[in-house]
1. Quick one: Cα centre-to-centre distance for region 18-33 and region 217-250, in angstrom?
2. Taking the 0 to 90 degree range and rounding to the nearest ten, how far is the long axis of helix 42-52 tilted relative to the main principal axis of the chain, both from C-alpha atoms?
3. Please give, to one decimal in nm, the separation of the simple spin-label points placed at Leu225 and Asp73, each 7 Å out from Cα toward the Cβ.
4. Give the long-range amide H neighbours of Val185: residues separated by 5 or more places, or on another chain, with amide H under 5 Å away, using H modelled in the peptide plane at 1.01 Å from N.
5. Between Glu174 and Ile249, what is the label-to-label distance in nm when each label sits 7 Å out along the Cα-to-Cβ direction?
6. Over the chain, with a Gaussian network built from C-alpha contacts below 10 Å, which listed residue (Gly119, Gly222, Gly137) shows the highest mean-square fluctuation?
7. How large is the helix-only mean residue ellipticity at 222 nm for the chain, computed as the sum of -39500 (n - 2.57) over DSSP H runs with n ≥ 4, divided by its residue count, in deg cm²/dmol to the nearest 500?
8. Helix 119-131 versus the longest principal axis of the chain: what is the Cα-based angle in degrees, 0 to 90, to the nearest 10?
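Taken together, the values in this text are just the output of simple stated rules run on the coordinates, not laboratory data. Since the model is a prediction, treat every value here as computed from it, not as a measurement. Note: ideal-geometry Cβ built from the backbone for every residue, glycine included; neighbour counts use all protein chains shown.
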Amino acid sequence: MHDPELSGKVALVTGAAQGIGRAVVRALAERGARVVATDRNAEALEALGAELAGGSGAVTVRPLDITDPAAVDALVAEVEHGTGPLDVLVNVAGILRIAPVVELTDRDWADTFAVNTTGVFHTSRAAARVMAPRGSGCIVTVASNAAGVPRTRMAAYAASKAAAVMFTKCLGLELGRSGVRCNTVSPGSTDTPMQRGMWADPADDSHARAVVEGDLASYRVGVPLGRIARPEDIAEAVAFLVSDRARHITMHDLYVDGGATLRA
């Protein structure tokens with residue numbers, strides 16, 4: 001699938017080693033983008049790079065801890081000088097710590113915000129600094145439908161994602177006149193290692209049916225479309241938003257959750 005709208009464009013993707021991030025790297029590379037894939041998991045990154053070698057788009061892998069602002073700035077500078085002017089940033093990196101609020105530790109709260117919110121700030125700021133002077137660019141933050149609908153045992157995650165959504169909208173407002181578009185994609189339950197980590201048995205696919213049907217005891221509705229998302233479903237939404245087909249879309253929060261939140 002070669003998309004001339006992305007051919008030769010330079011994209012930086014965080015959280016690329018697995019799940020949605022991995023699917024985003026593949027989707028952009030298949031459309032001809034030159035992708036710099038980053039994650040803290042260097043071993044998984046190398047496997048990803050080997051898997052996608054020789055495809056229609058070039059994939060370069062670089063370990064990165066987005067909680068380190070100096071490392072983020074250094075990598076963006078490396079991309080600018082080595083790969084080419086940065087056209088696209090996709091913020092996917094995220095962590096999930098689940099617990100009732102009364103049992104949530106200070107460390108869990110701090111770690112969640114360090115990655116899901118402050119990390120998004122670090123990467124988006126670095127990208128904006130090089131995109132805005134050129135008058136073009138796209139920033140997409142992968143958030144969560146939990147940012148708009150409360151979830152039991154997910155207060156830190158939901159709050160961090162809600163902050164990331166509003167940050168990205170504010171950034172889009174600031175950068176609008178410069179031609180840089182900033183949007184968010186908010187997935188619902190998606191079949192990723194993070195999702196399976198919440199199941200009693202991560203290898204038991206029957207848990208997916210419980211997610212689809214919903215759980216009244218925890219005040220969670222099900223998925224009206226009757227299926228749990230695949231990472232590729234989210235990646236396709238990202239690929240659209242970074243393409244010229246979405247050239248008049250900014251500050252938008254696109255829910256990709258099968259109707260699970262009833263768009264509350």
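1. Each part reduced to its Cα centre gives a spacing of 15 Å.
2. On a 0 to 90 degree scale, this one is about 70.
3. Here the modelled spin labels are 4.1 nm apart.
4. For Val185, the qualifying residues are Thr141, Val142, Ala143, Leu254.
5. Rounded to a tenth, the inter-label distance reads 2.4 nm.
6. Comparing Gly119, Gly222, Gly137 in the GNM, the peak value goes to Gly222.
7. On the way: 9 runs with 102 residues, N = 264.
Per the formula, -12000 deg cm²/dmol.
8. So the helix axis and the longest Cα principal axis differ by about 20 degrees.
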